[in-house]
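The values are calculated or read from the model by the stated rules, or taken from the named source; none is laboratory data. A quick note: this is a predicted structure, and the numbers were derived from the prediction, not measured. Cβ coordinates were reconstructed from backbone atoms using ideal geometry, including for glycine residues, and neighbour counts include every protein chain displayed. Keep in mind that these areas ignore ligands, DNA and RNA; they rest on the heavy atoms of the full protein, side chains included. Shrake-Rupley method; radii C 1.70, N 1.55, O 1.52, S 1.80 Å.
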Amino acid sequence: MLFNNKKMYMSQAGFSLVEIMVGLVIGLLATLSIMQVFSAFEGQKRTTMGSADAQTNGSIALFNIQREVQMAGFGLPVFDTLNSPLKCNPAPTVDHDGNGTTPDIGMFPLTITDGGNAAGASDSIAIRYSLDGATAKGGITVKINNALNSTTSGLGVDNNLGCNNGDVVIVSAGSVCAMTRVNDANLAADTTHITLVSAAGASNGASLACMGRWSQFTYSIANSQLQRADASSAAATPIVSDIVNIQAQYGVSVAANSNLVTNWVDASGGTWGAPTVADRNRIKAIRIAVVSRNGLLERTDVTNTCTTAKGIVNNGPCAWDDTGLDAAPKIDLSNDADWQRYRYRVYETIIPLRNMIWSKNTL
């Protein structure tokens with residue numbers, strides 16, 4: 001009996017403590033490997049998705065700016081060969097909305113404000129055009145034939161068809177110009193008179209053009225967002241997130257009556273920071289770079305400095321390849337201590353100023 005019990009015990013099988021410990025170690029190693037693969041995959045997925053978001057945001061930002069820049073100068077009477085408003089010197093401004101708390105705006109289609117070279121500096125772009133295409137006239141000028149009593153009984157014009165009350169008006173006689181608003185465009189259904197808020201510049205033989213709701217919109221960067229400001233409003237509106245920088249340059253010709261861009265210049269310095277009327281009329285296009293950021297903060301540095309062919313050292317990506325061109329603008333994102341731990345995408349394009357190009361024969 002004892003022999004049988006001993007034989008039964010010896011025939012039993014199972015895992016010993018050592019075997020269980022070895023199995024646990026193997027299982028833990030397998031789990032660790034799986035988690036490492038999962039972690040790497042998850043990090044790669046976030047980087048890829050973040051890069052896709054940066055691509056989308058950059059494309060949307062560039063599309064919005066490009067679409068509005070193409071409208072720059074729309075409604076401006078650019079086909080008047082005798083009294084072209086682009087020759088106005090000094091260039092006039094206007095209280096475009098009748099609101100004394102908002103700034104007056106000018107008539108030139110587009111202005112770049114250079115942000116400077118400080119860390120985090122970004123340019124801004126102000127675009128001006130008519131929201132309704134200068135009403136029915138489309139910016140066509142008429143002649144003033146009787147300048148008497150222009151604010152009371154009415155300014156005598158060839159016709160006032162297409163002008164509406166409140167429209168911005170430009171009055172030009174050679175290089176002498178003024179901008180104001182229409183007070184009454186329908187004097188007892190009279191199509192040959194119009195009254196203005198101000199009679200400045202109104203003289204016999206001068207040209208008058210109703211430009212509709214002449215407006216100004218400014219694109220700039222704040223808090224890593226592209227924002228759009230309306231000159232009629234006190235606050236800017238954020239429109240695209242994770243946009244960290246805008247850089248822009250004027251494309252200029254050798255003369256106002258030429259549409260061939262020969263140089264790309266920053267909107268800075270004595271010439272292009274505050275251009276004269278003659279220099280301003282040489283601006284035929286802008287080149288713009290929009291920098292979008294992947295919102296994922298990486299564990300290590302993933303972005304280094306970038307130096308262009310012209311020797312411009314950027315703390316971030318380069319705006320564009322300036323080989324054989326004027327020096328590209330500088331992008332400096334180092335105002336953020338972690339700027340190297342983000343990934344960036346740059347979207348750049350050249351946008352012709354169509355209304356400046358079409359006015360070549362009037363300059």
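For region 171-201, the set of residues classified as polar (S, T, N, Q), out of contact with any Leu (no Cβ under 7 Å at 6 or more places or on another chain) and touching a residue at least 60 places away in the same chain (Cβ under 8 Å) consists of 172, 175, listed by residue number. Among the conditions (1) touching a Leu at 6+ places or on another chain (Cβ under 6 Å); (2) surrounded by fewer than 21 Cβ atoms within 10 Å (Cβ to Cβ), the only one that residue 322 does not satisfy is (1).
Does residue 283 fit the bill of being in contact with a Pro (Cβ under 9 Å, 6 or more places away or on another chain), among the β-branched types (Val, Ile, Thr) and buried (at least 22 other Cβ atoms within 10 Å of the Cβ)? The answer is yes for residue 283.
If a residue counts only when it is of a type in the set (S, T, N, Q) and closer than 17 Å to residue 126 by Cα, which helices (runs of 4 or more DSSP H) contained entirely in region 259-359 have at least 1 such residues? Write out each step before concluding.
Numbers: elements: 269-272, 277-280, 354-358.
Where helices (runs of 4 or more DSSP H) fall fully within region 259-359 and carry at least 1 residues being of a type in the set (S, T, N, Q) and closer than 17 Å to residue 126 by Cα, they are 354-358.
For region 38-47, check the following and say yes or no: at least one residue is of a type in the set (S, T, N, Q) and modelled with pLDDT under 60.
Residues of region 38-47 that are of a type in the set (S, T, N, Q), as a first pass: 39, 44, 47.
So of that shortlist, the ones also modelled with pLDDT under 60 come out as 47.
The answer is yes, given that some residue of region 38-47 is of a type in the set (S, T, N, Q) and modelled with pLDDT under 60.
Listed here are the residues, each with its yes/no results for (1) open to solvent by 20 Å² or more (accessible area, probe 1.4 Å); (2) in contact with a strand residue (DSSP E or B) (Cβ under 9 Å, 6 or more places away or on another chain).
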site: 252; (1), (2): no, yes
site: 257; (1), (2): yes, no
site: 269; (1), (2): yes, no
site: 287; (1), (2): yes, yes
site: 298; (1), (2): yes, no
site: 328; (1), (2): no, yes
site: 338; (1), (2): yes, no
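If you go through region 163-198 and keep only what is assigned to a loop (DSSP other than H, G, I, E, B), closer than 20 Å to residue 76 by Cα and open to solvent by 20 Å² or more (accessible area, probe 1.4 Å), you end up with 164, 165, 166, 174, 175, 197, 198. Can residue 121 be described as over 22 Å from residue 203 (Cβ atoms), in a loop (DSSP other than H, G, I, E, B) and at pLDDT 90 or above? In short, yes. Would it be correct to say that residue 81 is of a type in the set (Val, Ile, Thr), open to solvent by 50 Å² or more (accessible area, probe 1.4 Å) and closer than 21 Å to residue 215 by Cβ? So residue 81 does not fit the description; no. Among the residues of this structure, residue 244 does not count as one that is at pLDDT below 95, aliphatic (A, V, I, L, M), open to solvent by less than 30 Å² (accessible area, probe 1.4 Å) and closer than 19 Å to residue 114 by Cα. Scanning region 84-116 for residues that are open to solvent by 50 Å² or more (accessible area, probe 1.4 Å), of a type in the set (Val, Ile, Thr) and touching a Ser or Thr at 6+ places or on another chain (Cβ under 9 Å) yields one hit, 113. Restricting to region 228-241, and then to whatever is in contact (Cβ under 8 Å) with a residue 60 or more places away in the chain and of a type in the set (Val, Ile, Thr), can you tell me which residue is surrounded by the most Cβ atoms within 10 Å (Cβ to Cβ)? The residue in question is 240.
Can you tell me which residue in region 203-237 is modelled with the highest pLDDT, limited to those that are in a strand (DSSP E or B) and farther than 23 Å from residue 57 by Cβ? Residue satisfying both the conditions and the ranking: 216.
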